[in-house]
1. Would you calculate a helix-derived [θ] at 222 nm for the chain, using -39,500 (n - 2.57) for each DSSP H run of n ≥ 4 and dividing by the full residue count, to the nearest 500?
2. Percent relative contact order of the chain, based on C-alpha pairs within less than 8 angstrom and at least six residues apart?
3. Using Cα pairs under 8 angstrom and six or more residues apart, how large is the relative contact order of the range 1-99, in percent?
4. Each label point is 7 Å from the Cα along the Cα-to-Cβ direction; what then is the distance between the points at Asp198 and Asn171, in nm?
5. Semi-axes of the equivalent ellipsoid for the range 63-142, please: Cα gyration tensor eigenvalues, times 5, square-rooted, ordered largest first, whole Å.
6. What is the percent carbon and sulfur in the accessible area of the chain, measuring with a 1.4 Å probe over the protein chains and ignoring ligands?
7. Between the range 215-289 and the range 37-60, how far is it from one alpha carbon centroid to the other, in angstrom?
8. For an R0 of 51 angstrom, estimate the FRET efficiency from the Cβ-Cβ distance between Lys286 and Arg221 and round to the nearest 0.05.
Amino acid sequence: MPVPVRKAIFPVGGLGTRFLPATKSMPKEMLPVVDKPLIQYAVDEAREAGIEEFIFVTGRGKAAIEDHFDHAYELQDMLSSRGKIDALNLVKATIPEPGALAYVRQQEPLGLGHAVWCGRNFVGSEPVAVLLADDLILNGVGCLKQMIDAYETVGGNMVAIMEVEPEQTANYGVITPGDIDGRLVEVRGLVEKPKPEDAPSNFAVIGRYILQPNVFADLGRMEQGAGGEIQLTDALARQLGLQPFNGFRFEGRRFDCGSKVGFLEANIAFALDRDDLKDDVAAFLKTYT
Ligand code: G1P
């Protein structure tokens, strides 16, 4: 039985330049899809998967994330005294247990691998999940829970994967697939952002990972990869052969909320998935066709 995954890292240091001016003074992870910030979706998905400790790798100007996951005394007191119990319960439900959250600053934007490495002292010698809040997945059972259920059988390193259009490979980590067993695809190779003509497949890595702790030693070597950045993809590729490594073809629809179109589409899809909104939203959408 593999060591259980109890901790998760959330890299939230990125500048969010694609959403300026919205992100001038607000972290991009606080952008709402319908009425919930992107980072809250990621934290909720981790909680559903049984994660107990939440490590945020932040940067300057990200304090709103800490405030969001904190007790909001004045707001809660006001909602309580006005009898707004539903709103109060929503606010209370945002917060993991006291002491379950840790924040560490990345200090310099040296890449995703470096951001994950910055969380190492909070992880120690356990496996850890990594969730990129930009990748939002709509499904009854969250993507990380699906992965952890599969991990309990196979262990090792695991990445969420999906098939993308072949001309899109330069936006993703891409795997060389091996044996396929249901939703699991053996990873035989992994490369960051290959040009379509160099891509080993069209199975792209989506922002959900389960990492064994030995990846931190590799990340600590600070080897630069694609774009001169310290890439998580490269560190994982160097772990091939040391332990099982699988891609997991998750169930659900994924939205790239790092792009404007993906973010807008996520808002529509998540609204259409809500009983309180779907009829009104479907009705106004018809007026645009
Ligand atoms: C990161 C990873 C990449 C992965 C992608 C998923 O890239 O480096 O391997 O496919 O997330 O969203 P980024 O989108 O941060 O450039």
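The values are calculated or read from the model by the stated rules, or taken from the named source; none is laboratory data. For clarity, every value in this text was computed on a predicted model and none was experimentally measured. Here Cβ is always computed from backbone atoms with ideal geometry, including for glycine, and neighbour counts include all displayed protein chains. These accessible areas exclude ligands, DNA and RNA; they are computed on the full protein's heavy atoms, side chains included. Shrake-Rupley method; radii C 1.70, N 1.55, O 1.52, S 1.80 Å.
1. That comes out to -8500 deg cm²/dmol.
2. Relative contact order comes out at 22 percent.
3. 31
4. 2.0
5. 31, 16, 13
6. 51
7. The range 215-289 and the range 37-60 have Cα centres separated by 14 Å.
8. After rounding to 0.05, the efficiency reads 0.40.
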